[in-house]
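Okay, so here's the structure we're looking at.
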Amino acid sequence: MQSKIPFSTYAIIGTMLFGMYFGAGNLIFPIQLGQMAGTQFWPALIGFLITTIGLPFMGILAIGLSGSNGLRELADRVHPVFGIIFSMMLYLTIGPFFAIPRTATVPFEVGFSPFINPDQASLLLGVFSFLFFVIVYYFSRNPAKIMDYIGKYLTPAFLLFLFILIVVTIIKPMGSFGSPVGDYSRFAFMTGFKEGYNTMDALASLAFGIVVINAIKGQGITETKAIAKATWKSGVFAMGLMTLIYGLITYMGASSVSAVGKFENGGQIFAAVAQNYFGPFGAVLLAVIIVLACLKTSIGLITSCSEFFHEVFPKVSYKTFVLFLCLVSFAIANFGLTNIIQFAVPVLMFLYPLAIVLIVLGLISPLFGNRKGVYAMSMLLTFFVCVVDGYNALTGSLPEATITLFETVSAFYLDYLPLYSMGLGWTLPALAGAVIGGFLPNLKHHSTAEEQ
């Protein structure tokens, strides 16, 4: 029997988990949500917290409590082919295709771009992102040290500088909340809910599961029940810290309109707020905050993705994947932040419902005996809806991508599928699939040594 685990262990693991989560999007999206929601602050924030706190916490629990060693093992419960395809899509999304490049472009756009000649922006972005990923590569080479790098050093430093800005905002408020903008005036809760997709936290929770489990085992915690306990306690610590900071950053945005005006993205809002309080020094403070936030998240993502791909392709070393992912992320980062976000949204609208359903099924699997039919049918019917959601998001930014068949299906869903107009059209099909799957004995889960 293992000795009692001290609170400090949970705190360090929780701080590491918070550090991996809280990166570029976690700063720029809530402050922009605050500006746009205005007097609809609370419903928008609650919707945002469900997708950025509730779902990630459930994802960590789904990995820890289910006894899975990572995302692929959990997704294999649907089908082994689905397990590998979905896992690779998710890791590529939160990895070199979108999230990791964003960790380099955001600090450049926010901390440095306002002070350089626009004609030199592309060249300087290249130089900055190269140096950024050199640092990331150095710290990502040894995954055993990630808890020290992120949990003990980078995250506390980040929090120290961030709280300087937050505390001043609370002591000297910029102004009252403005009027809500766009969908926030009518659908504040659901708009905030979907805005949380952009942080990619629920997807990251499935990917970070393997890092958290390994970090816990690295502390000498090896019993299955003890690992599950350490997972949820560390998760509570991390999510509590994130809830506090999300609320304060959203408040910062909501109260900033009268003082700094409205801006196109959250990075520009942060820059204006820092400038408002600290003048020229504000730019330096903000640059430090953003670079630390993105650096620790990038290290966590590179580590998670490299461990996953090394597991799938064991003949290729972990360090080789670290180098390869850093190079790919560097190349994509130089397409710029706007392009990265534009193409990420359709992918997120497709992947997020599938991830949510997988997380929920993983948590409640004891209720249906881990039947494969429940997993398979629920995910299949969810897929038919979220593929259209992804298509709609794509045509919203690229109208030339319109396809007649998808337009017809989308119109049908809008007319007959409950909650579809709110972005939750996948919920009823997911539930129906779970019920149907429960009556398919030929797909019933059989306990085998391989599946255990």
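FYI, it's all coordinate maths here, none of it is from the lab. The shown structure was predicted, so the numbers you read here are calculated from the model rather than taken from an experiment. With ideal geometry, Cβ positions are generated from the backbone for all residues, glycine too; neighbour counts draw on all protein chains shown.
Does Phe132 satisfy the condition of being touching a Cys at 6+ places or on another chain (Cβ under 9 Å) and closer than 27 Å to Val273 by Cα? When the stated conditions are applied, Phe132 passes them.
Filtering the range 296-316 for residues that are of a type in the set (Val, Ile, Thr), over 26 Å from Gln35 (Cβ atoms) and without any contact (Cβ under 8 Å) to a residue 24 or more places away in the chain leaves a non-empty set.
In the condition set (1) surrounded by fewer than 20 Cβ atoms within 10 Å (Cβ to Cβ); (2) on the phi > 0 side of the Ramachandran plot, Gly54 is compliant with all but (2).
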